[in-house]
Amino acid sequence: MKTILLHNPAKQDNVEIMADALVESMRYADHAIDYPDISKAKADDGVPAEWFYKVYSGITGTSELTAIIQYTQQRMLFENIGETFLGIAFVEMKHFDRLGDFIGQLGGRVNTPKYSSSAVTVEYESAAEAVRVNIQAEKDTIAAYQQLIERIRKNNPEKLTQSATVAIQLLNKIVSDERVHVRILSELAQSVAAEEGKEA
């Protein structure tokens, strides 16, 4: 971090650079796939910004904002597996950040999300139940992103526009990270079940 600050002393994006470095060094993301350069996207180019609002901050179990709240809250409720929840939350924060940037690039608005954290359920009877719920939420999120990718393709039947191409690349990156989360949580489910079996 000191090296980053020395090389970028006057820049205002040091926090984002350090956050990127942190997330990219963690096991909670797919490092084989990079985020695309969203500067190539633009408004009115085959991808309405409004299509991304629901996955960005919608009051659903498949929005990035929901995931952030859910994982960070559960991290405090289940200390024995809290590190995994927090690690995944960091990646979800990155997804939220990149989706927000992309919505803005498309000419959309992200400054007035209609969201209530009361829509997020985090209290479960056991850590095993919380992990099971999160696995299903991740699978539902992957399905939601795949539906959005298909919608973009259908809206550009002849040839993908530049913005459509970038959108699909961004969504594929996020989906690849969510698949990592499913794998990690599935492994965690086995260890938690074994641990709770010993206590029973």
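Here residue 120 fulfils each of the conditions (1) closer than 22 Å to residue 94 by Cα; (2) out of contact with any Lys or Arg (no Cβ under 8 Å at 6 or more places or on another chain); (3) touching a residue at least 60 places away in the same chain (Cβ under 8 Å) apart from (3). Residues that are surrounded by fewer than 19 Cβ atoms within 10 Å (Cβ to Cβ) and in contact with a helix residue (DSSP H, G or I) (Cβ under 6 Å, 6 or more places away or on another chain) were ranked within segment 149-167; the one that is modelled with the lowest pLDDT is 156.
All of (1) of a type outside the set (Asp, Glu); (2) surrounded by fewer than 18 Cβ atoms within 10 Å (Cβ to Cβ); (3) in a helix (DSSP H, G or I); (4) at pLDDT below 95 hold for residue 130 with one exception: (2). Being modelled with pLDDT of 90 or more and not in a helix (DSSP H, G or I) is true of residue 32.
Kindly indicate which of 35, 71, 53 is aromatic (Phe, Trp, Tyr) and closer than 17 Å to residue 147 by Cβ. First the steps, then the outcome.
Numbers: 35 fails: closer than 17 Å to residue 147 by Cβ; 71 fails: closer than 17 Å to residue 147 by Cβ.
None of the others qualify; the one that does is 53.
For the structure I just gave you, tell me whether residue 135 is of a type outside the set (Ser, Thr, Tyr), in contact with a Ser or Thr (Cβ under 8 Å, 6 or more places away or on another chain) and closer than 29 Å to residue 186 by Cβ. Yes. Among the residues making up segment 86-109, a single one is surrounded by 18 or more Cβ atoms within 10 Å (Cβ to Cβ) and acidic (Asp, Glu): 92. Among the residues in segment 47-61, are any part of a loop (DSSP other than H, G, I, E, B), in contact (Cβ under 8 Å) with a residue 40 or more places away in the chain and touching a Gly at 6+ places or on another chain (Cβ under 9 Å)? Within segment 47-61, one or more residues are part of a loop (DSSP other than H, G, I, E, B), in contact (Cβ under 8 Å) with a residue 40 or more places away in the chain and touching a Gly at 6+ places or on another chain (Cβ under 9 Å).
Applying the criterion of being among the hydroxyl-bearing types (Ser, Thr, Tyr) and under 15 Å from the mean Cα position of the chain (by Cα) to the residues of segment 35-60, the residue that is modelled with the lowest pLDDT is 60.
Residues considered: 87, 82. Of these, the only one that is without any contact (Cβ under 8 Å) to a residue 12 or more places away in the chain and not polar (S, T, N, Q) is 82.
The values are calculated or read from the model by the stated rules, or taken from the named source; none is laboratory data. Here the structure is a predicted model, which is why all the values come from computation and not from measurement. Here Cβ is always computed from backbone atoms with ideal geometry, including for glycine, and neighbour counts include all displayed protein chains.
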